[in-house]
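Take a look at the structure below.
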Amino acid sequence: MTERLSAETRGPLLDPLFAAGWQMLEGRDAITKTYEFRNFIEAFGWMTRVAIWAEKWDHHPEWHNVYKTVNVVLSTHDVGGLSTLDAKLARKMDGLSE
């Protein structure tokens, strides 16, 4: 069972994400990041690759795409905030965006 991140685990899991451009979302226990690609096809292709992993891990992002920009919010609804699944998916998203 997935659990909400404890105070002790937040730093080691989230600090590398903050260094990579992720931020806490104001008003929620969630992280957010905006990705910008060269064009719509690259943005949509990235979203498709992420969707395959999200489905495999049964952990789905909140996201919004306009042309070449994708805004992402990650939080684990089942635990009411951030979990290891969010950190895992954020790292995968960053890796797939390179």
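The values are calculated or read from the model by the stated rules, or taken from the named source; none is laboratory data. Predicted, not measured: the structure shown is a model, and the values here were computed from it. So basically every Cβ, Gly included, is an ideal-geometry build from the backbone, and we count neighbours across all protein chains shown.
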Please go through region 22-54 and pick out each residue that is more than 11 Å from the chain's Cα centre (by Cα), more than 18 Å from SER83 (Cα to Cα) and in contact (Cβ under 8 Å) with a residue 12 or more places away in the chain.
GLU36, PHE37, ARG38, ASN39, PHE40, GLU42, ALA43, PHE44, TRP46, MET47, ARG49
Of the conditions (1) among the hydrophobic types (A, V, I, L, M, F, W, C); (2) in contact with a strand residue (DSSP E or B) (Cβ under 9 Å, 6 or more places away or on another chain); (3) within 19 Å of LEU5 (Cα to Cα), TRP57 fails just one. Which one is it?
(2)
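At pLDDT 95 or above, of a type in the set (Val, Ile, Thr) and surrounded by 12 or more Cβ atoms within 10 Å (Cβ to Cβ) - does that describe any residue in region 62-69? Talk me through it step by step, then tell me what you get.
Filtering region 62-69 down to residues at pLDDT 95 or above leaves 62-69.
Still in the list and also of a type in the set (Val, Ile, Thr): 66, 69.
Subset that is surrounded by 12 or more Cβ atoms within 10 Å (Cβ to Cβ): 69.
Scanning region 62-69 turns up at least one residue that is at pLDDT 95 or above, of a type in the set (Val, Ile, Thr) and surrounded by 12 or more Cβ atoms within 10 Å (Cβ to Cβ).
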Take PHE18 and tell me if it is at pLDDT 95 or above, over 14 Å from ASP94 (Cβ atoms) and of a type in the set (Phe, Trp, Tyr).
no
Name the residue that is farthest from THR32 (Cα to Cα), counting only residues in region 62-83 that are touching a Leu at 6+ places or on another chain (Cβ under 7 Å) and outside any strand (DSSP E or B).
LEU82
Quick one: LEU89 ticks every box in (1) in contact with a helix residue (DSSP H, G or I) (Cβ under 7 Å, 6 or more places away or on another chain); (2) surrounded by 19 or more Cβ atoms within 10 Å (Cβ to Cβ); (3) in contact (Cβ under 8 Å) with a residue 60 or more places away in the chain except a single one, so which number is it?
(3)
Filter region 7-43 for residues that are closer than 21 Å to VAL66 by Cβ, surrounded by 16 or more Cβ atoms within 10 Å (Cβ to Cβ) and of a type outside the set (A, V, I, L, M, F, W, C) and give the result.
THR32, LYS33, TYR35
